[in-house]
Amino acid sequence: MARPPLPIDHDGRPPFLGLVLLCGIALVLSVPGARVVRDLGSTQQIVRTLGLDMTWVFLDVYVLAMGLLGLGLASARAEQRERRSQRVGRLTLRLLLGQLLCLPYLVFSRALFPGRDAGLVLVVLLATVIALVCAVQNGRIERAGNSSAPSLSGYAILLAVSLVPLVRVPVLSPIGAARLLVDGAPPLRALTAFCSPTALLAALYSLAARLRGEARGV
């Protein structure tokens, strides 16, 4: 009788370790020190004025790290021949496992955003969807290139979409969208924040897969 596949195979361990390590470091950086807590109100006002609000570090890194997890899992499974539905199902299970590993961090992070539990739940859902889009679409890029080597273009797209729109159109960035959701955006704006970065990433990854396939004559 065949043994069921393990939730984390040998190739899939580094992405999970990276997720836990990045989120752990970010949470430490987000927690104010004892002296800061004593005068938190005035300190937070100063750092917001300077654009250095460290309380967002964990949330920003968490959303970005989940996307990186999706890319890492896609690379780890690039050589495996599976039906699309089976591949998406297994990737989803692995991403949920990543969320489970981050659960202690997420529970602790509630203290950074008191009274905004609903927004944090939406961020967890957004991060999962973003990671799944990255995993599925980056897998397409690697298969279009007919190579088992990880595609750096997938990572470049995620970083560009996460950071560049923050300057002018934060709703297009997964990081900016997560901040809007936690801040309690109105329903229509929250829906826009949820859908916009997902649609933008899906479109760019699809374009990259097509261009890479055409370059190889696929």
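Readers should treat all values here as calculations from the given coordinates under stated rules, not as data from a laboratory. Keep in mind the model is a prediction, meaning the values are calculated, not measured. Cβ: placed from backbone, ideal geometry, glycine included. Neighbour counts: every protein chain shown.
Calculate the spin-label point distance for residue 191 paired with residue 29, positioning each point 7 Å from the Cα along the beta-carbon direction, and give it in nanometres.
For residue 29 paired with residue 191, the spin-label model returns 3.5 nm.
Which FRET efficiency value, to the nearest 0.05, do you get for residue 121 and residue 152 by plugging their Cβ-Cβ distance into 1/(1 + (r/R0)^6) with R0 = 35 Å?
Working from the Cβ atoms, E equals 0.60.
Tell me, what is the Rg over Rh of the range 84-144, with Rh the Kirkwood radius over Cα pairs?
With Rh from the inverse mean 1/r over Cα pairs, Rg/Rh is 1.10.
Can you compute the FRET efficiency between residue 100 and residue 159 using 1/(1 + (r/R0)^6), with r the Cβ-Cβ distance and R0 = 22 Å? Round to the nearest 0.05.
Step by step, r from the Cβ atoms, then E = 0.30.
Grab the beta carbon distance between residue 92 and residue 21, set R0 = 25 Å, and tell me the FRET efficiency rounded to 0.05.
It comes out at approximately 0.65.
Using the basic label-point model (7 angstrom from Cα toward the beta carbon), what is the residue 168 to residue 206 distance in nanometres?
2.4 nm
Please arrange 113, 108, 58, 194 by how many other C-beta atoms lie within 10 Å of their C-beta, fewest to most.
So the ranking, lowest neighbour count to highest, is 108, 113, 194, 58.
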